[in-house]
Structure formats: C-alpha cells, structure tokens
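Quick notes on the structure that follows.
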Amino acid sequence: MLRITADLDSDPIVLKVEGKLKGPWVTELEHCWQSARATCPGHRLRIELNDITFVEDRGKILLTEMLHSGVELIAAGPMMKSILEDIAAR
C-alpha cells in the first residue's frame with residue numbers, strides 16, 4: 001500500500017509518500033507527479049520519501065526520472081538515503 005499526500009499550495013509543491021513503492025503504486029506516484037507538474041507549471045517539486053519502507057526496481061527507475069527532471073527527493077532513513085545516493089550516482 002502507498003499513501004501520497006499532496007500540498008499544491010506550497011512552493012515547492014510537496015508530495016509526501018508513505019509505504020511501499022511497488023506494483024501499481026509506482027504508476028500511481030508517476031500519475032501524481034505528472035498531475036502536480038501539469039496543475040502548477042513552473043513550480044519546483046519536492047518528493048518526501050521519509051516513510052517509504054520498500055522500493056522495487058520500477059520505483060527506482062521512476063525516482064531516477066524524477067531526479068533527472070529536477071525534482072528534489074528527500075529521504076531520512078538509511079535505506080532511502082542509500083537508494084537516493086545510488087540514483088544520484090547514475
């Protein structure tokens with residue numbers, strides 16, 4: 001399960017993501033990301049991944065796409081920090 005909470009009134013726009021980034025939830029996060037970009041063009045976007053407990057390979061690919069498009073990815077835990085370091089190194 002995945003929970004995505006959007007704050008479209010802030011700058012940067014913030015999507016807080018909680019749970020497991022796998023299966024259909026990868027597609028859901030991509031949809032929310034694209035929707036936020038379309039709704040608020042020109043705004044910066046931050047994805048908070050502090051409460052993610054698992055990321056499958058497709059999720060890592062999506063996070064890589066987000067990072068390369070200029071999205072700020074935030075993580076607090078050691079697992080997510082390690083994943084983001086790997087993504088940034090690509």
Interchain or long-range residues, amide H under 5 Å from D11's placed H: none
Charged-residue dipole, Cβ positions (Lys, Arg, Asp, Glu), the chain about Cα centre, Debye nearest 20: 120
Inter-label distance, nm, simple model (7 Å from Cα along the C-beta direction), T27/T39: 2.1
J(HN,Hα) series, the range 10-17, from Karplus relation 6.51 cos²θ - 1.76 cosθ + 1.60, nearest Hz, glycine and proline x: 9, 9, x, 5, 10, 10, 9, 10
Estimated 222 nm signal from helices in the chain, with DSSP H stretches of n ≥ 4 weighted -39500 (n - 2.57), rounded to 500: -14000 deg cm²/dmol
Å² per residue, accessible surface of the chain at 1.4 Å: 58
Over the chain, equivalent-ellipsoid semi-axes from the Cα gyration tensor in Å: 19, 14, 12
Backbone HN-Hα couplings from phi across the range 19-29 [Karplus 6.51/-1.76/1.60, Hz, Gly and Pro as x]: x, 10, 8, 8, x, x, 6, 5, 5, 5, 5
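The values are calculated or read from the model by the stated rules, or taken from the named source; none is laboratory data. Remember, predicted model here, so these are calculated numbers, not experimental data. Please note: Cβ atoms are built from the backbone with ideal geometry, for glycine as well, and neighbour counts cover all protein chains shown. Side chains included, ligands, DNA and RNA excluded: accessible areas come from the protein's heavy atoms. Shrake-Rupley method; radii C 1.70, N 1.55, O 1.52, S 1.80 Å.
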